[in-house]
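Just below is one structure, and these are the notes that go with it.
A short reminder: the numbers here are calculations on the coordinates, not readings from a lab. What you are looking at is a predicted structure, and each value in this text was computed from that prediction instead of being measured. Glycine also receives a Cβ, built like all others from the backbone with ideal geometry; neighbour counts cover every protein chain displayed.
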Amino acid sequence: MDESLRYRSVFISDLHLGTRDAQSEQLLEFIRNVECEHLYLVGDIIDGWELRRNWRWSQAQSDVIQKILRKARKGTQVYYIIGNHDEFLRPFLPMVMGDNIVITHEKAHFGLDGKRYLVVHGDMFDAVTMTKKWVAHLGDRCYLFMLRLNRPINTVRRWFGKYHYWSLSKMAKQSVKQAVSFITDYEEVLSSHADEKGYDGVICGHIHHAEIRSINGIDYLNCGDWIESCSAIVETYEGTFEIYEHNQKR
């Protein structure tokens, strides 16, 4: 076992298993090699929206689930926090599966740094998702369409010697003023909520944008996603939190 992949806690979100663009092979490699005491699945793990539209489930995605279950059997505490894409599970919450798997809306995490963190997917703080669900579904389809375009675009780039993976969807989110404003508002609203509830920080997902920063004295940590960035938040045994980015083999 590579010592660099031993952590106290690992937080991953937005796996979107059940979609064509889920990086299941990359995720499987990471889960197979990482060792941790606590594994937080911070929402949108299984993409119920896409599975209802078009059932697609690969062996690699089944292997990911099996690896997570195996880690739980071997003693890793697994927390599954529900997001909007796996909201079909919400009527059954909270749910306990065996000794080491808890499925819930949110969870408090006590860090080695002495701080108390709210772990939540974050969709409840997205005004579009909560009040205009049809817009959220439309945005989801547009995002999937841009992901489809990434493949031919990167094929053409390789013809010209550009081997670094380039993402149209990520570029759009970073360059469109409204998208940048939405991300900023989301981060600030979620941090403010954590502050009001007496937490020192918040660990979330939802917007597919990995980040660690302080917002008005509250630690804001976003896990990113396993569609494009293949990132996670990890807590080391020194009590620090870091962004982990998996080596993507496109």
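Spelling out what I want: for every residue of segment 33-48, take phi, set θ = phi - 60°, compute 6.51 cos²θ - 1.76 cosθ + 1.60 (Karplus), and round to whole Hz; glycine and proline get x.
Whole-Hz 3J(HN,Hα) from phi for segment 33-48: 9, 7, 10, 7, 7, 10, 10, 9, 9, 9, x, 6, 7, 9, 8, x.
Treating the Cα atoms of segment 45-88 as identical point scatterers in vacuum, please give the log10 of the normalised Debye intensity I(q)/I(0) at q = 0.17, 0.18 Å⁻¹, two decimals.
Taking Cα atoms of segment 45-88 as identical point scatterers yields -0.59, -0.65.
Per the Cauchy relation, a quarter of the hull surface: what is the mean projected area of the convex hull of the alpha carbons in segment 13-65, in nm²?
Numbers: hull surface 14.2 nm².
The orientation-averaged projected area of the Cα hull of segment 13-65 comes to 3.6 nm².
Taking θ as phi - 60°, what are the ³J(HN,Hα) couplings along segment 60-77 by the Karplus curve (6.51, -1.76, 1.60), each to the nearest whole Hz, with x for Gly and Pro?
4, 5, 5, 5, 4, 4, 5, 5, 5, 4, 5, 4, 4, 5, 8, x, 6, 7
Which length gain, in nm to one decimal place, applies between residue 97 and residue 192 when the Cα-Cα distance is subtracted from 0.36 nm times their residue separation? Please list the in-between numbers first.
On the way: separation 95, 0.36 × 95 = 34.20 nm, distance 3.23 nm.
Net length gain for the segment: 31.0 nm.
Once label points are set 7 Å from the Cα along Cα→Cβ at both residue 242 and residue 66, what is their separation, rounded to one decimal in nm?
Going by the 7 Å Cα→Cβ label model, 3.1 nm.
Within 10 Å of each residue's Cβ, count the other Cβ atoms and sort 47, 185 from fewest upward.
Values: 47 24, 185 13.
In order of increasing Cβ crowding within 10 Å: 185, 47.
Please arrange 9, 229 by how many other C-beta atoms lie within 10 Å of their C-beta, fewest to most.
Working: 9 24, 229 20.
So the ranking, lowest neighbour count to highest, is 229, 9.
Compute the distance from the alpha-carbon center of segment 18-32 to that of segment 180-226, in whole Å.
For segment 18-32 versus segment 180-226, the Cα centre distance is 25 Å.
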